[in-house]
Amino acid sequence: MSLFLGPIHYWLYNKIRWFEAIEKDIAKWAEEKGLPISQWNEEIYIKFGEPTEDKPLEEMIDACNIHGWLQQRITNAELRQAALVTKIINVDPELRQDLMTVFKNQGASAAKEYEKDATTPEAAYNALNDFLLEGMPCDRVNEIVNQDNEECQWETTICLHTPYWEQVGGDVKNFYDLREVWISSFVTTVNPVLKYEKLSSNRQRIAVK
């Protein structure tokens, strides 16, 4: 990454903010559900820091350590979300279904914020990557393996999320199940003629229905 702020840094910062927005939506739902969200957040913030302030990136970032600052924001956000979801499921595993709805709604909200056309599977994949947090750009987590007018298929080469979930005693399967709902909702909202499918543990696609 560059030593100076550029478009890629703002792009990544926006992805972090969208990831943290799910955390806020979960907290709102948990409060309505009567769960001890204030106590949980206090514990989680002490361990993993508070969510990013609602300020422009240039007002907060450590200009002498741009890469490190962004990586720390990713780490903190991943750990907070993993800890919060794990606490909820430990209270009652059936609450996973409620969380599915939270993620579905947030995926649709993100798609409605997308300002470009997503008329093809490739365009929808590019739209998805403007929101989906998969580490730093240099991690190169996803690799397209097939692309034509009917589909865009990609393979995940590495899982960056398991260590975060293991650190909080959670099951990373919950992360992938919830994110699958988010992606599916995003894709069908950004373009109703497209669908998302998980073909295997590490291969996915966006295709014409």
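Where a number appears in this text, it was derived from the coordinates with a stated rule and is not lab data. Owing to the predicted nature of the structure, the values given are computational and were not obtained by experimental measurement. Don't worry about glycine lacking a Cβ; one is built from the backbone with ideal geometry, like all the others, and counts go over all protein chains shown.
Examine region 185-194 for a residue that is assigned to a strand (DSSP E or B) and either more than 17 Å from the chain's Cα centre (by Cα) or over 14 Å from Glu78 (Cβ atoms) (or both), and state whether such a residue exists. Looking through region 185-194, at least one residue is assigned to a strand (DSSP E or B) and either more than 17 Å from the chain's Cα centre (by Cα) or over 14 Å from Glu78 (Cβ atoms) (or both).
Let me confirm something: among Ala124, Ala118, Ala77, which residue is part of a helix (DSSP H, G or I), in contact with a strand residue (DSSP E or B) (Cβ under 9 Å, 6 or more places away or on another chain) and crowded, with 18+ Cβ neighbours inside 10 Å? The unique qualifying residue is Ala124.
The condition of being surrounded by fewer than 20 Cβ atoms within 10 Å (Cβ to Cβ), out of contact with any helix residue (DSSP H, G or I) (no Cβ under 8 Å at 6 or more places or on another chain) and closer than 30 Å to Glu151 by Cα does not hold for Pro56.
Here's a check for you: in region 144-176, which residue that is of a type in the set (S, T, N, Q) and more than 15 Å from Leu128 (Cα to Cα) is surrounded by the most Cβ atoms within 10 Å (Cβ to Cβ)?
Within region 144-176, the subset of a type in the set (S, T, N, Q) is 146-147, 149, 153, 156-157, 162, 167, 174.
Within this subset, residues satisfying the condition of being more than 15 Å from Leu128 (Cα to Cα) are 146-147, 149, 157, 162, 167, 174.
Values: Asn146: 13, Gln147: 15, Asn149: 9, Thr157: 11, Thr162: 16, Gln167: 15, Asn174: 18.
Out of the qualifying residues, it is Asn174.
Taking only pairs six or more apart or across chains, which ones have beta-carbon atoms under 7 Å, a first residue in region 131-145 that is closer than 14 Å to His161 by Cα, and a second residue that is part of a loop (DSSP other than H, G, I, E, B) and aliphatic (A, V, I, L, M)? Between residues of region 131-145 that are closer than 14 Å to His161 by Cα and residues that are part of a loop (DSSP other than H, G, I, E, B) and aliphatic (A, V, I, L, M), the close pairs are Glu134/Val141; Glu134/Leu160; Gly135/Val141; Gly135/Leu160; Asp139/Leu160; Val141/Ile158; Val141/Leu160. Say we look at region 1-44 and pick out the residues that are touching a residue at least 12 places away in the same chain (Cβ under 8 Å) and of a type in the set (Ser, Thr, Tyr); which of these is surrounded by the fewest Cβ atoms within 10 Å (Cβ to Cβ)? Filtering first and then ranking leaves Ser2. Could you please let me know if Phe131 is of a type in the set (Phe, Trp, Tyr), in a loop (DSSP other than H, G, I, E, B), within 26 Å of Asp171 (Cβ to Cβ) and out of contact with any Cys (no Cβ under 9 Å at 6 or more places or on another chain)? Here the answer is yes, as Phe131 does meet what is asked.
Before we move on, is Gly107 in a loop (DSSP other than H, G, I, E, B), touching a residue at least 12 places away in the same chain (Cβ under 8 Å) and surrounded by 14 or more Cβ atoms within 10 Å (Cβ to Cβ)? Step through it out loud before you land on a result.
Values: in a loop (DSSP other than H, G, I, E, B): no; touching a residue at least 12 places away in the same chain (Cβ under 8 Å): yes; surrounded by 14 or more Cβ atoms within 10 Å (Cβ to Cβ): yes.
For Gly107, the condition - in a loop (DSSP other than H, G, I, E, B), touching a residue at least 12 places away in the same chain (Cβ under 8 Å) and surrounded by 14 or more Cβ atoms within 10 Å (Cβ to Cβ) - is not met.
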